[in-house]
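The values are calculated or read from the model by the stated rules, or taken from the named source; none is laboratory data. Predicted, not measured: the structure shown is a model, and the values here were computed from it. Every residue, glycine among them, receives a Cβ derived from its backbone with ideal geometry; neighbour counts consider all protein chains shown.
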Amino acid sequence: MQNTIKCYMCDRNAISYEHVPPKNLFPEQKDVEEDYRKDLITVPSCEIHNSSKSDDDEFLMVSIAGIFGNNSIGYLHKFTKVNRAIKRTSNRLLDKAFKKRNHYYLERDNKFLEIIWGTPDHKRLINCFEHIAYGLHCHHLKKRFKGEVKILLGYLHNEDESNHAFVQFLKDRAAIDLKDLPIYGANQDIFYYQFTAPDEHGIYMVHMRFYGGIDIYASFLPEDKPKPFNLAIELMKVCDETIFTLGDKEYRVINANKSEKLLRNLPEDS
Ligand SMILES: [Zn+2]
């Protein structure tokens, strides 16, 4: 590789290419009939950002393949490759993916399903999706992103019920912005993405969908743009209850601090 090509995450020279999202999220042909590894996306990567990745890739695969809300391919992937990986490492992977037993909620068709088998390692999940967001930015917009990235895990809800309303509000809001935008990805049953145009603050977003049911949103605030004053967030800091409206729907968000934490991508227990 020419040494003039830069890493998708930093200013170092790239030494190799890596897949975004990780290749292991896409089922192998020996496990499924169809080829779900067509034209996978790769980005140039430096030594540091490449070598730290394989552990995280496996963590991500165990965390999101085969959970409630996935399409049948996601399930199949879970029962083949993911389970092989779990067996191979004698459940260490599961321990890593789920830090402690707790109650979390997954959303499917506007119903909340309680997960009883543990709490995902929230911080690490955010980190994994942040890398994917940087990778897609580099691939799609042909330049490395410099600035602040925020991740919203649209499929994960914690015990605080007010978060459900807040996440739902953000998702419904995003759905309006994304409705008519083109969808990219050669294996859309496994993964696709959409980019919005910058808004009046210069902020734009990528929506990532995995296995037909897992939605992740990453917003990009470029470093040369001033941080916008967000009235909704400021209100939530001081009010016990904030009501957002979107069309004829109303969203009641109680307990501002926790929702604010969610927006800043902080896990509850940190
Ligand atoms: Zn790098």
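Within the stretch 36-50, restricting attention to residues that are surrounded by 15 or more Cβ atoms within 10 Å (Cβ to Cβ) and within 16 Å of the ligand (Cβ to nearest atom), which residue is nearest to Ala65 (Cα to Cα)? So that I can check it myself, show each step before the final result.
Initially, the stretch 36-50 is screened for residues surrounded by 15 or more Cβ atoms within 10 Å (Cβ to Cβ), giving 36-37, 40-46, 49-50.
Remaining after also requiring within 16 Å of the ligand (Cβ to nearest atom): 42-46, 49-50.
Details: Thr42: 21, Val43: 23, Pro44: 26, Ser45: 25, Cys46: 27, His49: 23, Asn50: 22 Å.
Out of the qualifying residues, it is Thr42.
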Quiz prompt | Tally of residues being more than 13 Å from the ligand (Cβ to nearest atom) and out of contact with any helix residue (DSSP H, G or I) (no Cβ under 7 Å at 6 or more places or on another chain) across the stretch 2-35 | solution = 11
Practice problem: Please specify each residue of the stretch 24-50 satisfying the condition of being in a loop (DSSP other than H, G, I, E, B) and not acidic (Asp, Glu). | Solution: Phe26, Pro27, Gln29, Lys30, Val32, Tyr36, Arg37, Lys38, Leu40, Ile41, Cys46
Quiz item: Which one of these is at pLDDT below 90, more than 30 Å from Arg144 (Cβ to Cβ) and touching a Leu at 6+ places or on another chain (Cβ under 6 Å): Ile86, Ile67, Ile73?
Solution: Ile86
Practice problem: Scan the stretch 51-67 residue by residue and report those that are within 15 Å of the ligand (Cβ to nearest atom) and either outside any helix (DSSP H, G or I) or of a type in the set (Val, Ile, Thr) (or both). | Solution: Ser52
Self-check item: Failed criterion for Ser52 (all others in (1) over 18 Å from the mean Cα position of the chain (by Cα); (2) at pLDDT 70 or above; (3) among the polar types (S, T, N, Q); (4) farther than 25 Å from Arg144 by Cα hold)
Solution: (4)
